[in-house]
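Have a look at the structure below before the remarks.
No lab work stands behind these numbers, since they all come straight from the coordinates. If you're wondering where the values come from, they're calculated on a predicted model, not measured in any experiment. Every residue, glycine as well, gets a Cβ built from its backbone with ideal geometry; the counts of neighbours run over all protein chains shown.
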Amino acid sequence: REIDRLLRESGIAFEKVNYYIKPLTEAKLRELLAKMKMGPRALLRTSEPIYRELMLGKGEFTDDEIIRLMIEHPDLIQRPIVERGSRAALGRPVENIKAIIGDKQASKQ
């Protein structure tokens with residue numbers, strides 16, 4: 001909600017995508033990770049029951065395996081993710097979003 005308000009107040013048109021209704025493709029998830037300059041482990045929601053069930057914290061999983069598991073189990077993906085042009089950021093904390101939309105207030109906080 002805070003991100004919705006920030007984008008509206010910044011005059012930025014946006015589209016919300018619920019990846020439970022419109023699942024991310026592997027290609028799209030890889031694109032977002034590249035735009036965020038992070039590996040898939042950094043985007044994992046470690047507090048989710050499925051994370052423990054799959055023993056992601058204990059097993060030796062490749063990045064490709066983690067990405068496939070994230071596609072299969074979207075609960076594993078941190079959210080929200082905001083994409084703008086060639087950049088993307090995880091919406092928590094909101095300062096991450098301010099950085100990619102060019103909000104000058106972000107540098108003052």
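Of note:
- Label point 7 Å beyond Cα of residue 12 along Cβ direction - residues of segment 25-43 with amide nitrogen under 15 Å: 35-36
- Cβ charges +1 (Lys, Arg) and -1 (Asp, Glu), total dipole of the chain, debye: 500
- The gain in end-to-end length when the residue 2 to residue 30 segment is fully stretched comes to 7.5 nm, 0.36 nm per residue minus the alpha carbon separation.
- Spin-label pair residue 22-residue 62: with each label point 7 Å from Cα along the Cα-Cβ axis, the two points sit 3.1 nm from one another.
- Over all orientations, the chain has a Cα convex hull whose mean projected area works out to 7.5 square nanometres.
- Whichever lysines have a C-alpha closer than 27 Å to that of residue 98, once near sequence neighbours (fewer than 8 apart) are set aside: 16, 22, 28, 35, 37, 108
- In percent, rounded to a whole number, the relative contact order of the chain is 25, using alpha-carbon pairs under 8 Å and six or more apart.
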